[in-house]
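Chemist: The structure under discussion is supplied below as structure tokens; questions concerning it will follow.
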Amino acid sequence: MRSGAKTAVIGGVFLVFAGGVGYGAYNVYNGMSGGGTDAETKSATSEVKTGPLSAAEIDQASKDFLTKWAQGGDAAAVAQLTNDPTGATPVIGAYRTEAHVTDAVITPGPAVGAKVPFTVKAKVELDGASKPWTYTSELTVVRGLSTGRPLVSWAPSVIHPKLTKTTRLETAKASVPPIKAVDRNGVELTKEKYPSLGSLLDQLRERYGKEAGGSAGVELMLKSDADPDATTGSGSTSADESLLTLSKGKEGTLKTTLDATVQAAAETSVKKYSEASVAAVKPSTGEILAVANNRKDGFNAAMLGKQAPGSTMKIVTAAMLLEKDLIGATRTAECPKNAIYMGRTFKNLDDFSIDGRPFSQSFARSCNTAFIKLIDDVGDDGALPKEAAEVFGIGLDNWKTGVASFDGSIPSSSGGEAAAQYIGQGTVQMNVLNMASVTATAKNGTFKQPVVVAPSLDDREIATAARSLPSGVAQQLRSMMRLTATSGTGATAMAGLGGDKGAKTGSAEVDGQETSNSWFTGYHDDIAAAAVVEAGGHGGDAAGPVVAAVLAAG
């Protein structure tokens, strides 16, 4: 240990306040911002203090907690240094008894306000197998409501950043063997190379590890007590996650429908924007080729997100209007600057209008009013949800992709709310996998439920739609999407793609958000993709290049 460091060692578990992290060792051990006096300590215990915490109080409270935790003694005594001893006690105790941490070096960093970061370098040991384990976390000091004492604000994430109220740390023989997930061509898929697949790979292991033919080893797991199809408060799925392997098991090989080349393009393209997601599917089969997210919360929004998709929803609306013979791709349609329905005013971007032109132009330029003007002629507020379910497989709540997913929702609405659904606003909820599937159905003519592993692997029954698009309707829909991709709002993004292509752009307004979410969906030969960039503005500007890059890789 470096000279000058202060340590506390009891039972092989110790805390180190090292001098090499930007401040003096003596100051750290006696108060991270200069130390407190005996008078201050006595004052804090003899009367209920109020007001903001001092730097000395923050330093002393964090030092006391980290020292007692590192000493590995009575968990209840450590928990008394938090503002929730009842909740903290079992989690702190389990760190030794269930996670089997046998020793640790805890190095605090300089406080930032009331937050104190720290690094843990530990050893996990069970049945003769051991491995070093390093991670970082942080604690926050608050003033106790009744005592006025500086206390650690309790949350399971203090002990480990991934711990929540529904997860726990456990070192044991794994309940399922590890898997070697491979793409459709046998290329290995790892979290390190494809970070967006992290939660998906965890779910695949949990669901199919036993069928893949491997054998389990000893691992430190982040175990979830939630439903495996649910999502946790942190935005991740509830599948168990391996944090450390003490002794390796034997991997079983699991083949997925993913395409490593397309996945790589998806990973790269979403990194250009914050809060971006993309998904790609194969129209002829429904096989998922790629799923990628770039989000601060780590949430798999591509498969589990629920957002208004904006004008990309007009693919479904146009199909419904075509089936009712209320429009035709070559028939003239009205596209005024604005339209009023049930007291609600709908406008076009920059108040544009189109006079005396075919409906395909209104579709290609994403004219909102051309769709709204036809609502009275439809005469059925439930027509759009019905079209989405019967033809596009949306809103049936029965997709079985192989992992947790959301299959879209267009609830029954009326009046102005139903009108908003026509242009992908209001109560419509979608994610990019849903919209990639909608585009795939438009391209293929028949809905193929997206899957990431073959249904034959577990004999699961996948969803089917009640009917296909009539051939004439499908042809007109594709012709309008082709026009959008070649001379409409999607032309710039799709310019680099030749062959058979089609697209639809969307900008979805969000309450309390100045800039709209950017949506884009398109197809190129036998691949369809959709993307969303939150607060990205026009569909073709942000989400468009993401989709184009993924389509080009396919």
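The values are calculated or read from the model by the stated rules, or taken from the named source; none is laboratory data. Note that the structure is a prediction, hence the values are computed from the model and not measured. No Cβ is skipped: glycine too gets one built from the backbone with ideal geometry, and neighbour counts run over all protein chains shown.
Chemist: For the range 356-390, how many residues are under 15 Å from CYS335 (Cα atoms) and not hydrophobic (A, V, I, L, M, F, W, C)? Talk me through it step by step, then tell me what you get.
Modeler: At the first step, the residues of the range 356-390 found to be under 15 Å from CYS335 (Cα atoms) are 356-375.
Next, from what is left, pick out any that are not hydrophobic (A, V, I, L, M, F, W, C): 356-358, 360-362, 365-366, 368-369, 373.
Summing the residues that are under 15 Å from CYS335 (Cα atoms) and not hydrophobic (A, V, I, L, M, F, W, C) in the range 356-390 gives 11.
Chemist: If I ask for residues that are surrounded by 24 or more Cβ atoms within 10 Å (Cβ to Cβ) and not in a strand (DSSP E or B), which ones from the range 494-511 would you list?
Modeler: Residue satisfying the conditions is MET494 alone.
Chemist: Might you let me know whether the range 456-463 holds any residue that is surrounded by 24 or more Cβ atoms within 10 Å (Cβ to Cβ), in the same structural domain as PHE520 (by TED's automatic domain parsing) and touching a Lys or Arg at 6+ places or on another chain (Cβ under 7 Å)?
Modeler: The answer is no; no qualifying residue exists.
Chemist: Could you please give the count of residues in the range 181-211 that are among the charged types (D, E, K, R), surrounded by 15 or more Cβ atoms within 10 Å (Cβ to Cβ) and in contact with a strand residue (DSSP E or B) (Cβ under 6 Å, 6 or more places away or on another chain)?
Modeler: First, pick out the residues of the range 181-211 that are among the charged types (D, E, K, R): 183-184, 188, 191-193, 202, 205-207, 210-211.
From the residues that got through so far, the ones that are surrounded by 15 or more Cβ atoms within 10 Å (Cβ to Cβ) too are 183-184, 191, 202, 205-207, 210-211.
Add one more test, that the residue is in contact with a strand residue (DSSP E or B) (Cβ under 6 Å, 6 or more places away or on another chain), and what stays is 202, 205.
Number satisfying all stated conditions: 2.
Chemist: Say whether the condition of being in the same structural domain as GLY356 (by TED's automatic domain parsing) and part of a helix (DSSP H, G or I) is met by at least one residue in the range 282-291.
Modeler: Step one: list which residues in the range 282-291 are in the same structural domain as GLY356 (by TED's automatic domain parsing), which gives 282-291.
Subsequent filtering for residues that are part of a helix (DSSP H, G or I) retains none.
Scanning the range 282-291 turns up no residue that is in the same structural domain as GLY356 (by TED's automatic domain parsing) and part of a helix (DSSP H, G or I).
Chemist: Using the structure shown, decide if TRP133 is modelled with pLDDT of 95 or more, buried (at least 17 other Cβ atoms within 10 Å of the Cβ) and in contact with an Asp or Glu (Cβ under 6 Å, 6 or more places away or on another chain). Quick ask: steps written out before the conclusion?
Modeler: Working: modelled with pLDDT of 95 or more: yes; buried (at least 17 other Cβ atoms within 10 Å of the Cβ): yes; in contact with an Asp or Glu (Cβ under 6 Å, 6 or more places away or on another chain): no.
Answer is no for this residue.
Chemist: Another question about this same structure. Out of LYS282, LYS255, which single residue is surrounded by fewer than 21 Cβ atoms within 10 Å (Cβ to Cβ) and basic (Lys, Arg)?
Modeler: LYS255
Chemist: Then there's this: Go through the range 301-334 and give me each residue that's closer than 22 Å to GLU387 by Cβ, surrounded by fewer than 24 Cβ atoms within 10 Å (Cβ to Cβ) and free of Cβ contacts under 8 Å to residues at least 60 places away in the same chain.
Modeler: Passing the criteria: LYS324, ASP325, LEU326, THR330, ARG331, GLU334.
Chemist: So if I check each of THR268, THR257, THR253, THR261, which one is on the phi < 0 side of the Ramachandran plot, at pLDDT 95 or above, among the hydroxyl-bearing types (Ser, Thr, Tyr) and part of a strand (DSSP E or B)? Explain how you work it out, then say what you get.
Modeler: Details: THR268 fails: part of a strand (DSSP E or B); THR257 fails: part of a strand (DSSP E or B); THR261 fails: part of a strand (DSSP E or B).
Only one candidate qualifies: THR253.
Chemist: Which one is nearest to PHE299 (Cα to Cα), of the residues in the range 419-450 that are crowded, with 24+ Cβ neighbours inside 10 Å and among the β-branched types (Val, Ile, Thr)?
Modeler: VAL432
Chemist: Another question, then. Does VAL546 count as assigned to a strand (DSSP E or B) and not small (Gly, Ala, Ser)? Steps first, answer last, please.
Modeler: On the way: assigned to a strand (DSSP E or B): no; not small (Gly, Ala, Ser): yes.
Judged against the criteria, VAL546 is not a match.
Chemist: Exactly one of (1) of a type outside the set (Gly, Ala, Ser); (2) outside any loop (DSSP other than H, G, I, E, B); (3) in contact (Cβ under 8 Å) with a residue 40 or more places away in the chain is unmet by ASP355. Its number?
Modeler: Unmet for ASP355, out of (1) of a type outside the set (Gly, Ala, Ser); (2) outside any loop (DSSP other than H, G, I, E, B); (3) in contact (Cβ under 8 Å) with a residue 40 or more places away in the chain: (3).
Chemist: Moving on to the next point. At least 1 residues that are within 30 Å of MET342 (Cβ to Cβ) and β-branched (Val, Ile, Thr) in each: list the helices (runs of 4 or more DSSP H) lying fully within the range 365-477 that qualify. Outline the logic, then answer.
Modeler: Values: elements: 368-372, 375-378, 383-392, 415-422, 432-444.
Counting at least 1 such residues, we get 368-372, 375-378, 383-392, 432-444.
Chemist: So which of GLY36, GLY51, GLY73 is loosely packed, with under 14 Cβ neighbours inside 10 Å, at pLDDT below 95, in a loop (DSSP other than H, G, I, E, B) and not assigned by TED's automatic domain parsing to the domain that holds SER242?
Modeler: Numbers: GLY36 fails: loosely packed, with under 14 Cβ neighbours inside 10 Å; GLY73 fails: loosely packed, with under 14 Cβ neighbours inside 10 Å.
Testing whether each residue is loosely packed, with under 14 Cβ neighbours inside 10 Å, at pLDDT below 95, in a loop (DSSP other than H, G, I, E, B) and not assigned by TED's automatic domain parsing to the domain that holds SER242 leaves just GLY51.
Chemist: Considering (1) modelled with pLDDT under 95; (2) assigned to a strand (DSSP E or B), say which one SER146 fails and leave the rest.
Modeler: Unmet condition: (2).
Chemist: Out of curiosity, is GLY416 at pLDDT below 95, on the phi < 0 side of the Ramachandran plot, surrounded by fewer than 22 Cβ atoms within 10 Å (Cβ to Cβ) and in the same structural domain as SER468 (by TED's automatic domain parsing)? So that I can check it myself, show each step before the final result.
Modeler: Numbers: at pLDDT below 95: yes; on the phi < 0 side of the Ramachandran plot: yes; surrounded by fewer than 22 Cβ atoms within 10 Å (Cβ to Cβ): yes; in the same structural domain as SER468 (by TED's automatic domain parsing): yes.
When the stated conditions are applied, GLY416 passes them.
Residue-by-condition table, conditions (1) modelled with pLDDT of 95 or more; (2) under 26 Å from ASP297 (Cα atoms):
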{"residue": "LEU200", "(1), (2)": "yes, yes"}
{"residue": "ARG205", "(1), (2)": "no, yes"}
{"residue": "GLU211", "(1), (2)": "no, no"}
{"residue": "GLY217", "(1), (2)": "no, no"}
{"residue": "LEU220", "(1), (2)": "yes, yes"}
{"residue": "PRO228", "(1), (2)": "no, yes"}
{"residue": "THR232", "(1), (2)": "no, yes"}
{"residue": "THR237", "(1), (2)": "no, yes"}
